[in-house]
1. In whole angstrom, how far apart do the alpha carbon centroids of the stretch 188-246 and the stretch 124-183 sit?
2. Ignoring ligands, DNA and RNA, what accessible area per residue does the stretch 113-212 give at 1.4 Å, in Å²?
3. Report the semi-axes of the equivalent ellipsoid for the stretch 191-290 in whole Å, largest first, where each axis is √(5λ) for an eigenvalue λ of the Cα gyration tensor.
4. Let me check against my output: what whole-number percent is the relative contact order of the chain, with C-alpha pairs under 8 Å and at least 6 apart?
5. At q = 0.12, 0.22, 0.23, 0.24 Å⁻¹, what is the base-10 log of I(q)/I(0) for the stretch 37-119 according to the Debye formula with one equal point scatterer per Cα and no solvent? Please give it to two decimals.
6. Tell me, what ³J(HN,Hα) does each residue in the stretch 214-224 have, in order and in whole Hz, if you take phi through Karplus 6.51 cos²θ - 1.76 cosθ + 1.60 with θ = phi - 60° and put x for Gly and Pro?
7. What relative contact order, as a whole-number percentage, does the stretch 214-290 give when Cα pairs under 8 Å and 6 or more residues apart are counted?
8. Principal axis lengths of the stretch 1-157 from Cα atoms, whole Å, largest first?
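The values are calculated or read from the model by the stated rules, or taken from the named source; none is laboratory data. All figures in this text were calculated on a predicted structure; none of them were measured in a lab. We work out accessible area using only protein heavy atoms, side chains counted, and drop any ligands, DNA or RNA first. Shrake-Rupley method; radii C 1.70, N 1.55, O 1.52, S 1.80 Å.
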Amino acid sequence: MKALRYLARNPVSLLGVVILLAFVLVAVFAPMLAPPQSFQLSPYDTPRAGFLATPMPPSRDALFGTTQGQYDIFYGVVWGTRTAFKIGLGVVAISVLIGTVVGAVAAYYGGLAEEILMRIVDVFMAVPFLIAAMVLTALLGKGIWPITIALTTFGWMSYARIVRSEILRIREMDYIHAARSYGASDLRLIVLHILPNAMFPVLVLATMATGSMVLSASALSFLGVGTEEGYADWGQFIAYSRNWIVGQPGNPFQFWYTLAFPGAAVFLFVLSWNLVGDALRDMLDPRHSH
């Protein structure tokens, strides 16, 4: 009820939730919105209407038009929603898990363990994120899993730092000392008493990072090291538009649809997660006046 009252007073946050729910519905009903063809090996293989280089404008057969190579943009946008959720939620879930374990061990045990783990975090944070992810993806090959592994490898450090700072604050509280005096084990203290109270900032960061990880994955696909040719992925479809962003002389917007639809999908997806993250932060922050 508190969340509903907050959303009723904050139309921008409500807009973020509505956009995100719309993407969830598109992902769930993708087989109905854009039915896969019987000859496709995978529903993520975008059907094509030929091999003509020039994109074709929106029509009854292709609602959003076709890219160069005649890939169906509507199909790519719809099934690309599932790809976005897979990458965004997958990368963030694994990153939170790694970061939480590293941060919790470093903060709770301190000393040499903290020194070693936090210096590892510093080393990883010094590496340029997108360049490192691009190199690793190029080494691992194209596909969803290589993208997920690459983005996770260089995306877990912020969670480790937040968890460490929260646990350093929480572990000195009276109820932790009381639980320790009753003989609670280290594992029980961390899992049952400390982590649940340290996870609110992590939840906010994870929500906002979901959109940015999809943005990073789209950048990898745009640069040619992301998903395979023809895979339903927004970044891939934006890459198909790069030669057609500017139309012909006298008609610069001739091929607007090649960039507009996949670009709008990425923009709205990232925006919705950021707005939801802002709303979560305001609702979970006790200092925020309701």
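1. 15 Å
2. Accessible area per residue: 52 Å².
3. Details: eigenvalues 294, 57, 10 Å².
Largest first, the stretch 191-290 gives 38, 17, 7 Å.
4. For the chain, the relative contact order is 25 percent.
5. -0.56, -1.00, -1.03, -1.06
6. 5, 4, 5, 5, 5, 5, 4, 5, 4, 7, x
7. 22 percent
8. 66, 49, 25
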